[in-house]
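See below for the structure under consideration.
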Amino acid sequence: MKRRTAGFVMILLFALGFFSQICSYEKVNPLGIAGQEDGESGMLANNSIYSKKVYLTFDDGPSDHTDEILDILKKNQVKATFFVVGKKTKKAQKQYQRIVLEGHTLAMHSYSHNYDQIYSSVEAFGKDLKMLQDYLYHVTEIKPFIYRFPGGSSNTCAKNIKPFIQYVNSHGLLYFDWNALSGDALDFSISSEKLNENILKDVRKQKNSIVLMHDLHETKNTVAGLDNLIKILKKEGYQILPITRNTKQIHHVSVDK
């Protein structure tokens, strides 16, 4: 009888241990791999196969190419980040909404994109930023908190970017530059193959890459090469993610906290 009781206790303890391990995993990732909130945590991201991360970002939209970009991303089951400007057309409003509804990150790139106006003073900069943030919230019911400075934080138009960075930091916003460049806004005639070659050359040098591309009427070659770019990145084992609060920030210029 004692042996039978001892055996039962051992089985019970083993079972409790097994279920406690399951419960521990559920607490860490209650939704499983497919339900990651930020796309950057959990078993999938920690797997060595997916240790290389790429963040595809599009500046200056929405444009007449935005829906095509979104179609390509949807077909490839990839999420990206759109650093948008302020446009009040009905089409643009639907595009802001689609970006959000399809799970991409809606981020800010100034309302006017007028360098002289935006960087004329910190007050003017703040007014422009708030105008865009309020407008996007009105259209999408999402209040963006991710920002990219027009020209990046290393632009020469601001002369001294640090007061503007301090404004962004003090308002609880996060700003992101880039470390992979297509060159699509430098020369609109560059072929899609060459644009992708430029991106891949930078991406292959590092484990975490934020890729700068543009969503402009003129950057049709960016759109033409996007599907192939995604396929190459996936084939080479890159995890393609949208920028979130947990993304490692890339700054060309920063200030001490």
Restricting to segment 105-136, name every residue that is farther than 17 Å from L173 by Cβ and in contact with a Leu (Cβ under 7 Å, 6 or more places away or on another chain). none
Name, by its number, the condition in (1) under 22 Å from S209 (Cβ atoms); (2) of a type outside the set (S, T, Y); (3) touching a residue at least 40 places away in the same chain (Cβ under 8 Å) that does not hold for D184. (3)
Restricted to segment 81-119, and to residues that are without any contact (Cβ under 8 Å) to a residue 24 or more places away in the chain and surrounded by 13 or more Cβ atoms within 10 Å (Cβ to Cβ), which residue is nearest to the chain's Cα centre (by Cα)? K94
Failed condition for S191, given (1) buried (at least 18 other Cβ atoms within 10 Å of the Cβ); (2) farther than 18 Å from S110 by Cα: (1)
Yes or no: G152 on the phi > 0 side of the Ramachandran plot and touching a residue at least 24 places away in the same chain (Cβ under 8 Å)? yes
So is L56 of a type outside the set (D, E, K, R), closer than 17 Å to L212 by Cβ and modelled with pLDDT of 50 or more or not? yes
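The values are calculated or read from the model by the stated rules, or taken from the named source; none is laboratory data. Predicted model only: the values in this text are computed from it and were never measured. Glycine also receives a Cβ, built like all others from the backbone with ideal geometry; neighbour counts cover every protein chain displayed.
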